[in-house]
1. Go through the stretch 92-106 and report how many residues are of a type in the set (S, T, N, Q), surrounded by fewer than 17 Cβ atoms within 10 Å (Cβ to Cβ) and touching a strand residue (DSSP E or B) at 6+ places or on another chain (Cβ under 7 Å).
2. From the list 70, 104, pick out the single residue that is in a loop (DSSP other than H, G, I, E, B) and among the polar types (S, T, N, Q).
3. Considering only residues that are closer than 26 Å to residue 56 by Cα and open to solvent by 30 Å² or more (accessible area, probe 1.4 Å), which ones fall in the stretch 1-10?
4. Report, by residue number, each residue of the stretch 59-91 that is of a type in the set (Lys, Arg), without any contact (Cβ under 8 Å) to a residue 12 or more places away in the chain and surrounded by 14 or more Cβ atoms within 10 Å (Cβ to Cβ).
5. In the stretch 5-30, what count of residues is obtained for those that are under 14 Å from the mean Cα position of the chain (by Cα) and not charged (D, E, K, R)?
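The values are calculated or read from the model by the stated rules, or taken from the named source; none is laboratory data. No experiment lies behind these values; they were computed from the predicted model shown. For neighbour counting, all protein chains shown are included, and Cβ atoms are generated from backbone atoms with ideal geometry for every residue, glycine included. Keep in mind that these areas ignore ligands, DNA and RNA; they rest on the heavy atoms of the full protein, side chains included. Shrake-Rupley method; radii C 1.70, N 1.55, O 1.52, S 1.80 Å.
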Amino acid sequence: QVQLVESGGGLVQAGGSLRLSCAASGSILRIDGMRWYRQAPGKQRELVASTTGGGSTNYADSVKGRFTISRDNAKNTMYLQMNSLKPEDTGVYYCNGDIMRFGSSWTFEFWGQGTQVTVSS
């Protein structure tokens, strides 16, 4: 079985910073693309940032220059450094990864359970 577990969320004032982590565990052979999504109350889930297995990154326009996605492949862990936070960054942040398990020739998409980020004005 494979699990993704997020941590690092919390309450922060506008202008502050948080660092989210997403740790993958289980019978993992390889992790390809990984992504951070967020969902604000009453809104659809949106893609915030993504990284490929080779380390390329992409960001939503709303977070460019403020958020940085990174990964430590040796630890099967992805991070999201969030600086200059705004109230509109509030939401539940989910990590997502394309993971190949031992004994499989396919990658499957896995989701974490989410971590709450609240930015007060």
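1. Total meeting the criteria: 0.
2. Of the residues listed, the single one that is in a loop (DSSP other than H, G, I, E, B) and among the polar types (S, T, N, Q) is 104.
3. Correct list: 3, 5, 7, 8, 9.
4. Within the stretch 59-91, no residue meets the criteria.
5. Of the stretch 5-30, the ones under 14 Å from the mean Cα position of the chain (by Cα) are 5-9, 18-24.
After this cut, where a residue has to be not charged (D, E, K, R) as well, the list is 5, 7-9, 18, 20-24.
So the answer is 10.
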